[in-house]
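The values are calculated or read from the model by the stated rules, or taken from the named source; none is laboratory data. Bear in mind that the values here come from a model prediction, so they are computed numbers and not experimental data. Cβ coordinates were reconstructed from backbone atoms using ideal geometry, including for glycine residues, and neighbour counts include every protein chain displayed. Side chains included, ligands, DNA and RNA excluded: accessible areas come from the protein's heavy atoms. Shrake-Rupley method; radii C 1.70, N 1.55, O 1.52, S 1.80 Å.
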Amino acid sequence: MGEIEDAIERAGREGFTRQPPKSLKGQIRYLLRQMGSAKAVAQEIGVTADSVNRYRRGARKHARADVAAKIDDAVRQRWQPQVRKRRQRQAAATGGITVETRARFGYTAPVGTTDDGRFRRLTVHLPPAYAQRLFDAHAAGAGDQEMRGIIAEGLKDVYFQDGGGRARELSDVEINDIDYMDLDY
């Protein structure tokens, strides 16, 4: 996963209305309900189907640390999909999306001005249109570069050009290096 996809996933998890199961047995039962078979769960988390059944029965009470992390991640990815979709629809319709990042921005500027990229720490609220484009691209399986382009375009419009009030000559903004990125919607 890329930085943008990770940020979308983390933002989706922040909206949970209930916490996912914490016990190993509860997590495995949830995954079995979602995926249908022990074989499918085993392939997802990288163990045998027999191990999955032992976890389900409680014969094994603890998984190895790497397997436990995979189980937890698999549960969180599938937890409350309707809540995530509702929050995304709301952000795309009225709320917009807030981007907090520390990244190196490069841009194309007119002759006589500096176009040196430098790290900036920004917290910018993007309008719903950019949220809609970002969620549509994510749902369509777009790559990290395409989603970076959408966010960069939003930052150019809202932050760098202030909605057309300044830096009108600025033609292109790129997000080159991302130190961290968080999204909120």
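Close Lys pairs in the chain, defined as Cα atoms under 26 Å apart and 8 or more places apart or on different chains, number 11.
Taken about its Cα centre, segment 3-57 carries a charge dipole of about 620 debye when Lys and Arg each add +1 at the Cβ and Asp and Glu each add -1 at the Cβ. Taking amide H as placed 1.01 Å from N in the peptide plane, ASP172 has its amide H under 5 Å from the amide H of THR108, each at least 5 places away in sequence or on another chain. Charging the Cβ of each Asp and Glu at -1 and of each Lys and Arg at +1, and nothing else, the dipole of segment 1-123 about its Cα centre rounds to 920 debye. The residues of the chain present an accessible area of 56 Å² per residue when probed at 1.4 Å with all protein chains retained. For the charge dipole of the chain, defined by +1 on Lys and Arg C-beta atoms and -1 on Asp and Glu C-beta atoms about the Cα centroid, which residue among GLN161, HIS125, ALA91 has the Cα displaced farthest towards the positive pole? Highest projection toward the positive end goes to ALA91. Orientation-averaged projection of segment 1-147 equals 11.3 nm² [convex hull of Cα atoms, one quarter of hull surface area]. A straight chain from ALA139 to ARG10 at 0.36 nm per residue would run longer than the Cα-Cα distance by 44.9 nm. Annotation for segment 1-72: GluC sites (Glu not before Pro) lying in DSSP loop with at most 12 further Cβ atoms inside 10 Å of their Cβ are GLU14.
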